[in-house]
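S.K.: Once you've had a glance at the structure underneath, I'll fire off some questions.
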Amino acid sequence: MPPSRKNNSEYVARMEDILELYAEPYDPQRPVLCMDEQPVTLHRDMHPPIPASENHAKRVDYEYERVGTVSLFLSCEPLAGWRQAPVRERRTQVDWAITMAEVIRTRYADAQTIRLVCDNLNTHSPGAFYEAFDAATARSLVEQLEFHYTPKHGSWLNVAESELSVVTRQCISNRRMRDIESVQKQLQAWTLATNHHQRPVNWQFKTDDARIKLKSLYPNS
């Protein structure tokens, strides 16, 4: 759904903020980190698969049962070609804060500021850290982050959304995983393989392009 005319100025302001961020050169002290999340449905086979034999490939029955969901939290650093895809049982503020804290304390322990691109879910906020940690710890984590929110209906501006499409296609679709351990195993393998190749994201759409191709969104154009 495109933004309404009334909200175009806010949409444009946030869009240009993200586009200018992506246009900057790589800075290890001020890395740009994109994050997004999605549910993963768990499936259980109604009948056990028949193992492969000398004369037959592995046979899997088409019948399955849905047995709940887990949450995939994907972080990616576009210019460094780095991804991380932890899985948690839920997607609350606390789950998000704990996931982000792990990234901050490991990969970005020596960074000056992490410029975080995320959407406007109420779980993606500085307050989430205060739900998960004591005040002093929460404050120290918040001070390491600089939030850059995508505009409403502007999730296409988040590189992590594209990465979720990739991991879904390569790792999740057409696989029946019955528990969180199975999902974690698949995503750990995908993360290791992807990071080994260090495939960066070459974002081509710039602010000048937006002012031409999306001119109708600009209130004073």
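S.K.: Suppose we filter the stretch 85-109 for residues that are in contact (Cβ under 8 Å) with a residue 60 or more places away in the chain and closer than 19 Å to PHE147 by Cα; how many remain?
M.R.: Residues that pass the stated criteria total 3.
S.K.: Just to be sure I understand the filter: pairs with C-beta atoms under 9 Å, separated by 6 or more residues or on different chains, first member in the stretch 199-214 and among the β-branched types (Val, Ile, Thr), second member part of a loop (DSSP other than H, G, I, E, B). Which pairs pass?
M.R.: Matching pairs, first to second residue: VAL201/PRO78; VAL201/LEU79; VAL201/GLY81.
S.K.: How many residues does the stretch 105-155 hold that are among the acidic types (Asp, Glu) and within 18 Å of ASP95 (Cβ to Cβ)?
M.R.: Total satisfying the criteria: 3.
S.K.: Of the conditions (1) under 20 Å from PRO200 (Cβ atoms); (2) in a helix (DSSP H, G or I); (3) modelled with pLDDT of 95 or more, LEU116 fails just one. Which one is it?
M.R.: (2)
S.K.: Further question on the same structure: Quick one: is ASN122 open to solvent by 50 Å² or more (accessible area, probe 1.4 Å), in a loop (DSSP other than H, G, I, E, B) and closer than 30 Å to LEU42 by Cα?
M.R.: Here the answer is yes, as ASN122 does meet what is asked.
S.K.: On the basis of being under 26 Å from GLU24 (Cα atoms), basic (Lys, Arg) and part of a helix (DSSP H, G or I), does ARG211 make the cut?
M.R.: yes
S.K.: Go through the residues of the stretch 99-106 one by one and say whether even a single one is part of a loop (DSSP other than H, G, I, E, B), among the small types (Gly, Ala, Ser), in contact with a helix residue (DSSP H, G or I) (Cβ under 9 Å, 6 or more places away or on another chain) and surrounded by 13 or more Cβ atoms within 10 Å (Cβ to Cβ).
M.R.: No.
S.K.: Mind counting the residues in the stretch 185-208 that are open to solvent by 50 Å² or more (accessible area, probe 1.4 Å) and either basic (Lys, Arg) or part of a helix (DSSP H, G or I) (or both)?
M.R.: Residues in the stretch 185-208 being open to solvent by 50 Å² or more (accessible area, probe 1.4 Å) and either basic (Lys, Arg) or part of a helix (DSSP H, G or I) (or both): 11 in total.
The values are calculated or read from the model by the stated rules, or taken from the named source; none is laboratory data. Keep in mind it's a predicted model, so treat the numbers as computed, not measured. Note that each Cβ is placed from the backbone with ideal geometry, even for glycine, and that neighbours are counted across all protein chains shown. These area figures cover heavy atoms from the full protein model, side chains too; ligands, DNA and RNA do not enter into them. Shrake-Rupley method; radii C 1.70, N 1.55, O 1.52, S 1.80 Å.
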